Each structure stands twice: as structure tokens, then as C-alpha cells.
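All remarks here apply to the structure that follows.
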Amino acid sequence: MRDNGGGTVIGSEIVPAKVATARRNVTDAGLAQYVDIREGDARETLKDLGGPVDFALIDGWPLASGASLARQIIEIVAPQLRIGAFVLNDNGEPDYLEFMRGAGSGFLSVTLPIKRGTELSVKVS
């Protein structure tokens, strides 16, 4: 962000110790002004990202029942992405892929041969 003239990296983490470590690391790196770390459940903390987003990394996991966390998060974040934004997901949960590849999703999506399948998508509408 600093080298590209600005912007903000927004992260969400539910584990307080991880939040404290992340904040310490970005402060030590001199990058705190470019980072907004939101503590809590991403389904709540990411409801308002404050403007159009260019890139999202969705790292969720399957839940015992219902939609995976990745699916729930992309449904919250997708309307906040600008046209041309990229989304990366490293778990490729079936319901996440169904959403991203579904007719009318507004995304073009492809699986990259990284790990068990890393999904790269671009918002086209």
C-alpha cells in the first residue's frame, strides 16, 4: 500500500492473541497507517468495508452444518467489491465455488493448481 500511494488493508480475526500479534507486527514494520485489523467474527466485522474494495482474500472453513464460512463471507463482501476486483480463496469449499461460478454471480473464476486448489476470481459485473 505504501509503495503504491496509499490504501488500506482490512483484516478480520476472531482470536484476540492473533489480533495483538498482527497489530504489533504491522506497527513494528511501520505500516500501521495502512492496516485496519478488525477483531471479531468476520460475518460482523466485514459488513461495512468503507468503500469499494480491489482485492479480497477469503480464507474460511467448512462448518458443522449450513454454508461454509467462505460462502458466508463472500456473500457479505461481494457487493462491496468494485468491478475488476480480484478474490482469492485457498480452500475451494464446494458451496463457495457454486456461488462464485453460478449464473448471475458477476464473477469469472478459475481454480489454480496451488495446494488443494486455490480459486482466483474477478468481478465482472
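Some points to look at:
- Cβ-Cβ distances below 9 Å connect the following pairs, each with a first residue in the range 50-74 that is over 15 Å from G106 (Cα atoms), a second residue that is of a type in the set (F, W, Y) and part of a loop (DSSP other than H, G, I, E, B), and a separation of six or more residues or different chains: S68/W61; L69/W61; A70/W61.
- Selection within the range 48-66 - of a type in the set (D, E, K, R) and either out of contact with any helix residue (DSSP H, G or I) (no Cβ under 9 Å at 6 or more places or on another chain) or surrounded by 11 or more Cβ atoms within 10 Å (Cβ to Cβ) (or both): D54, D59
- Matching residues, the range 1-13, being assigned to a loop (DSSP other than H, G, I, E, B) and modelled with pLDDT of 95 or more: none
- Any hit, the range 69-89, residues being out of contact with any helix residue (DSSP H, G or I) (no Cβ under 8 Å at 6 or more places or on another chain), outside the structural domain of G7 (by TED's automatic domain parsing), closer than 29 Å to Y34 by Cα and modelled with pLDDT under 95: no
The values are calculated or read from the model by the stated rules, or taken from the named source; none is laboratory data. The structure displayed is predicted, hence computed values, not measured ones. Cβ sites come from the backbone with ideal geometry, for glycine too, and all protein chains shown count toward neighbours.
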